[in-house]
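The values are calculated or read from the model by the stated rules, or taken from the named source; none is laboratory data. Small disclaimer: the values here were computed from a predicted structure and weren't measured. We place every Cβ from the backbone using ideal geometry, glycine too, and count neighbours over all the protein chains shown. When the accessible area is computed, the model is the full protein with side chains, heavy atoms only, and any ligands, DNA or RNA have been set aside. Shrake-Rupley method; radii C 1.70, N 1.55, O 1.52, S 1.80 Å.
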Amino acid sequence: MKKYPKVSRTLAFLLVLALLLPCISMTAFSQDLPCAEDGCSGKYRSGICSAAGHLEAAPLEGGVYKISNAGQLYWFAALVNGGEVDADAALTADITIDTDLAWTPIGLYTSGRAYVAYAGTFDGAGYTIYGLTYDNTAYNGRNAAFVGTLDANGTVKDLTIAEAAINGATEIGGIVSHNYGT
């Protein structure tokens, strides 16, 4: 029987490559993309623009914002706190927050502004958010957590927060501080 060692090795290599390709994080390819804001000359790093701090918007798929990096996570928090309280989101990767940008809890109540409670569904999809930091020990720092106030219609599920530092004056939690929901 005639052997084809060169062809067999090449086919084996291609097969292994095809099996491993889906395991490579797509966020590795999203580094240093041009900032999408008008007139900006910076580049996104983990979804945060190097030049002006713009945040990369999370793509909306089937009514759910798909979050894969820190910038998209901060963008989503701003979206909810700006009035889209029933927006749904799902993580698509582990997220490491390595920015000096201050975290504002999703659904944050402060004595100086209107009450915001998150009424959507945030699906962690089994992923972890690392390095979340929130430090506001003044009275207006109540409801300190990833989600400050969760509405009766709100849900946070399948999410892990790790290596976090969350400080506030009252009602401090890890994932949810003031919980009316699930």
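Annotations for the structure displayed:
- Residues located in the range 130-180, provided they are in contact with a helix residue (DSSP H, G or I) (Cβ under 7 Å, 6 or more places away or on another chain) and hydrophobic (A, V, I, L, M, F, W, C): Ala169
- Some residue of the range 140-150 being part of a loop (DSSP other than H, G, I, E, B) and at pLDDT 90 or above: yes
- A single member of Leu108, Leu159 is hydrophobic (A, V, I, L, M, F, W, C) and modelled with pLDDT of 95 or more, and it is Leu159.
- Count - residues of the range 79-101 that are in a loop (DSSP other than H, G, I, E, B), open to solvent by 40 Å² or more (accessible area, probe 1.4 Å) and of a type outside the set (Val, Ile, Thr): 8
- Members of the range 158-182 that are farther than 13 Å from Ala119 by Cα, open to solvent by 50 Å² or more (accessible area, probe 1.4 Å) and in a strand (DSSP E or B): Thr160, Asn167, Ile172
- Test result for Tyr74, open to solvent by less than 20 Å² (accessible area, probe 1.4 Å), among the aromatic types (Phe, Trp, Tyr) and in contact with a Gly (Cβ under 7 Å, 6 or more places away or on another chain): no
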